[in-house]
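Here the structure comes first, spelled out in structure tokens, and everything after it is commentary.
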Amino acid sequence: MPSDAEPYELVVPFDTDEPEFVRGVEIGMLHQRLRAEPLPITATIHATNAEMALRLAEAHGASASADDLGSDFLEVTYS
């Protein structure tokens with residue numbers, strides 16, 4: 001997770017402002033990490049994706065825990 005000295009930056013702007021698209025991209029990226037990387041995996045996600053984060057854990061046979069980071073973000077850890 002970036003510190004205050006290393007804030008998040010936009011890498012590639014989306015061609016849509018639809019929140020559902022952004023949520024889908026976030027979960028898609030996390031799904032791929034769960035397929036390709038060994039556990040444990042930690043990721044920062046938007047709080048609106050909390051339910052999907054739990055569904056991913058179930059689908060991958062992992063357990064998930066989350067910490068509230070404030071500003072509508074969670075740090076989720078899969079193990």
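Just so you know, all these numbers are worked out from the coordinates, no wet-lab data involved. Quick caveat: nothing in here was measured; it's all calculated off a predicted structure. Every residue, glycine among them, receives a Cβ derived from its backbone with ideal geometry; neighbour counts consider all protein chains shown.
Under a model in which nothing but the beta-carbon of Lys, Arg (+1) and Asp, Glu (-1) is charged, the chain shows a dipole of about 460 debye around its Cα centre.
Axis of helix 50-59 versus longest Cα principal axis of the chain: the two differ by about 40°, to the nearest ten degrees. Compared with the dominant Cα axis of the chain, that is its longest principal axis, helix 19-36 is turned about 40°. Computed with the Debye formula from one identical point scatterer per Cα of segment 12-58, without solvent, the log10 of I(q)/I(0) at q = 0.15, 0.20 Å⁻¹ comes to -0.41, -0.68. The three principal axes of the Cα atoms in the chain give end-to-end lengths of 33, 28, 21 Å, sorted in falling order. For residue 39, nonlocal amide neighbours, meaning residues 5 or more places apart or on other chains whose placed amide H falls under 5 Å from its own, do not occur.
Give me the percent relative contact order of the chain, please, defined on Cα pairs under 8 angstrom at least 6 residues apart.
Relative contact order of the chain: 28 percent.
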